[in-house]
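The values are calculated or read from the model by the stated rules, or taken from the named source; none is laboratory data. Note that the coordinates shown come from a computational prediction; the quantities given were computed from them, not determined experimentally. Every residue, glycine as well, gets a Cβ built from its backbone with ideal geometry; the counts of neighbours run over all protein chains shown. For accessibility, only protein heavy atoms count, side chains too; no ligands or nucleic acids. Shrake-Rupley method; radii C 1.70, N 1.55, O 1.52, S 1.80 Å.
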Amino acid sequence: MAERSPESVDTASAPPVSMFEALLFWLKLGFISFGGPAGQISIMHQELVERRRWISERRFLHALNYCMLLPGPEAQQLATYIGWLMHRTWGGVIAGTLFVLPSLFILIGLSWVYIAYGEVPVVAGIFYGIKPAVTAIVVHAAHRIGARALKNGWLWAIAAAAFVAIFALNVPFPLIVLLAALLGYIGGRLMPNAFVLGGGHSAATAHHGAALIDDGTPPPEHARFNWKRLLGLLLIGGALWLLPMGMLAAVFGWHGTLTQMAWFFTKAALLTFGGAYAVLPYVYQGAIGSYGWLSPTQMIDGLALGETTPGPLIMVVAFVGFVGGYQHPMWGAEHAFMAGAAAACLVTWFTFLPSFLFILAGGPLVESTHNEMKFTAPLTAITAAVVGVILNLALFFGYHVLWPAGFSGPFDWPSAVIAVSAAVALFRFRRGVISVLIACAMAGLATHLLAGAQ
C-alpha cells in the first residue's frame, strides 16, 4: 500500500484532549518522573507518543532538540513545550509547574528529615537499592533514544565522537553541542537524507498511529510568531523576576542569604548548559566554596536525594536552598524549618523562571522550522551527540555505584546484582520504571539491613 504524505494523515483517531485531562496527566507525570532527564524523556515518549498519541515522533524529537539547546532542565522544558503547544500559555505553565511541584514538596520533607534527624538505616537501605536501578534506567533510556535517533552510520559516528569527547577528553558539553550542530548543518547540505529528523515519516508514525499533533498538523494560532506577543512575554517575565528580587533586597539587603540565593540561582539558570549534570559543578562550587550554605558531604547526600525522587535532577537546588536557609535562619532558630522551606521555594522559582520564558517566547520560532532542513539537520546531529553523552553519564553512575570507594576499593557485588536485575526487567520484560524502582528499593533495604545485622 502506498505511503501517505504527512499532510494526508487522518487524525480522526486521535481525539482532542481537554485541559482537565492534560492537567491530570501532567500531575501524574510529576509523581512518576524518575530516572533523571533521560528516564523522564523516556516516560514522556512512552506516554505521549506511543500510548496516548498526543504528539508524533517527529514533532516530539523536534521539540526535544530545541530544549536540549537551552540552559536548564530539558525534560521539564519539554513538558512545558508540549503543554503550551496543546493548550496555549496556561497549558505550558501548568505542565511545567506540575512537573516540578511534587518534587519540591517531597524534597522539602526529605530535607527536613535529613537535616533534623540525620541518617536513618531504612532510608539508607532504600537509597542503596535505588542507585543501581537508576544506573540501569539511564542505560535503558540511552538505548531507547539511540534506537530512534541513530538511523545511519553518520549519526552513529557523531554519537561515538561525543562519547569519546566527554569521556576521554573532558570536552565541555556546550562545545559538544556546538560541534554537533555544525556537523549537522554541513551534513544537511551535503547529505540531506542522512540528517532527516526522526528517520522519516514512516518511522515516526508506523508503529504508533496518527497523533493529535501529527507531522503535517499546522501550528495553532498561538504557536505562530508574533512580535507583540513576544514583547508582552518578555515584560511579564522581567516583572516576575524583578519584583521578588527587589523585595528581597529591600527586606534582607543585597548580601542577605535569600537575596544572594536568588541571584546565584538566576545565574545558574542562565549561564549553564547541558541540563542538570552540567549545572551541578557550578552549584557545588558556589554553594560550598563561595557562600558556605552547606558542606561537601551534605551536597553529596542532596544529590542522592535528587536522583531518587521524581522531578528534574536540578531540583537538588531545593535541597541546597533548604539546608542553607535552615542553617542560616533569617527569622531566628525557632523558625528554622520555615526559613528552609522559604529558601527552597525561592531558589526553585528563580531556577525555573527562565525555562518557562525560553519555551513560551521561543516556541513559535521553533514551530516554524520543523519542516526546514537547515534547522532540523543540526538538531538531528545534536540528538545523536546527546546519546553519547547519556552513555557517559551511565558509566559515571555505574562507576560510583559499583566501586563506591574507587577502583582501589572493593567491588560492590550486591549493587551489581541489583543493577543487572533492573536492566533485565527493563530490557527483557519491559517492566515500568516505577515497578523497577520499588523492587530495587526493597532489595537494597533487605541487603542493607542484613549487612547491618551481621
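Every listed requirement among (1) at pLDDT below 90; (2) open to solvent by 30 Å² or more (accessible area, probe 1.4 Å) is met by residue 39 save one, (2). Here the condition is being assigned to a helix (DSSP H, G or I) and closer than 20 Å to residue 140 by Cβ; of 110, 48, 104, it holds for 48 alone.
Name the single residue that is modelled with the lowest pLDDT among those in segment 70-90 being in contact with a helix residue (DSSP H, G or I) (Cβ under 7 Å, 6 or more places away or on another chain) and surrounded by fewer than 24 Cβ atoms within 10 Å (Cβ to Cβ). For segment 70-90, the residue satisfying everything is 71.
Reported count of residues in segment 376-403, each being crowded, with 19+ Cβ neighbours inside 10 Å and not in a helix (DSSP H, G or I), is 0.
Residues in segment 418-431: is at least one open to solvent by 70 Å² or more (accessible area, probe 1.4 Å), closer than 30 Å to residue 176 by Cα and either touching an Asp or Glu at 6+ places or on another chain (Cβ under 6 Å) or in contact (Cβ under 8 Å) with a residue 12 or more places away in the chain (or both)? The answer is yes, given that some residue of segment 418-431 is open to solvent by 70 Å² or more (accessible area, probe 1.4 Å), closer than 30 Å to residue 176 by Cα and either touching an Asp or Glu at 6+ places or on another chain (Cβ under 6 Å) or in contact (Cβ under 8 Å) with a residue 12 or more places away in the chain (or both). Among the residues making up segment 119-177, those that are within 17 Å of residue 379 (Cβ to Cβ) and either touching a strand residue (DSSP E or B) at 6+ places or on another chain (Cβ under 8 Å) or β-branched (Val, Ile, Thr) (or both) are 145, 158, 173, 174, 176, 177. Number of residues in segment 223-245 that are surrounded by 11 or more Cβ atoms within 10 Å (Cβ to Cβ) and part of a helix (DSSP H, G or I): the value is 14. Would you mind stating whether residue 406 is open to solvent by less than 30 Å² (accessible area, probe 1.4 Å) and more than 19 Å from residue 141 (Cβ to Cβ)? So residue 406 passes the test.
Exactly one residue among 302, 332 is over 16 Å from residue 114 (Cβ atoms) and modelled with pLDDT under 85, and that residue is 332.
When the residues of segment 51-69 are filtered to those that are among the charged types (D, E, K, R) and outside any helix (DSSP H, G or I), the one that is surrounded by the fewest Cβ atoms within 10 Å (Cβ to Cβ) is 52. The residues listed here are 401, 436, 387; of these, the one that is within 23 Å of the chain's Cα centre (by Cα) and more than 23 Å from residue 126 (Cβ to Cβ) is 387. Annotation note: of 279, 320, 283, the sole residue that is part of a helix (DSSP H, G or I) and at pLDDT 80 or above is 320. Scanning segment 320-332 for residues that are polar (S, T, N, Q) and surrounded by 24 or more Cβ atoms within 10 Å (Cβ to Cβ) gives no hits.
Any residue at all in segment 446-454 that is open to solvent by less than 40 Å² (accessible area, probe 1.4 Å), assigned to a helix (DSSP H, G or I) and under 16 Å from residue 130 (Cβ atoms)? Within segment 446-454 (the criterion being open to solvent by less than 40 Å² (accessible area, probe 1.4 Å), assigned to a helix (DSSP H, G or I) and under 16 Å from residue 130 (Cβ atoms)), the answer is no, since none of the residues qualifies.
Residue check: residue 317 meets all listed conditions (1) surrounded by fewer than 23 Cβ atoms within 10 Å (Cβ to Cβ); (2) in contact (Cβ under 8 Å) with a residue 40 or more places away in the chain but one, namely (1).
For residue 123, the conditions (1) assigned to a helix (DSSP H, G or I); (2) modelled with pLDDT of 85 or more; (3) more than 19 Å from the chain's Cα centre (by Cα) are fulfilled apart from (2). For residue 350, state whether it is part of a helix (DSSP H, G or I), open to solvent by less than 10 Å² (accessible area, probe 1.4 Å), of a type in the set (A, V, I, L, M, F, W, C) and touching a Phe, Trp or Tyr at 6+ places or on another chain (Cβ under 7 Å). Yes, satisfied.
Residues in segment 137-189 that are among the aromatic types (Phe, Trp, Tyr), touching a Leu at 6+ places or on another chain (Cβ under 9 Å) and buried (at least 19 other Cβ atoms within 10 Å of the Cβ): 1 in all.
May I ask you to verify whether residue 98 is open to solvent by 20 Å² or more (accessible area, probe 1.4 Å), of a type in the set (A, V, I, L, M, F, W, C) and under 17 Å from the mean Cα position of the chain (by Cα)? So residue 98 passes the test. Considering each of 93, 113 in turn, give the residue that is of a type in the set (A, V, I, L, M), free of Cβ contacts under 8 Å to residues at least 60 places away in the same chain and open to solvent by 30 Å² or more (accessible area, probe 1.4 Å). Selected residue: 113, the only one of 93, 113 that is of a type in the set (A, V, I, L, M), free of Cβ contacts under 8 Å to residues at least 60 places away in the same chain and open to solvent by 30 Å² or more (accessible area, probe 1.4 Å).
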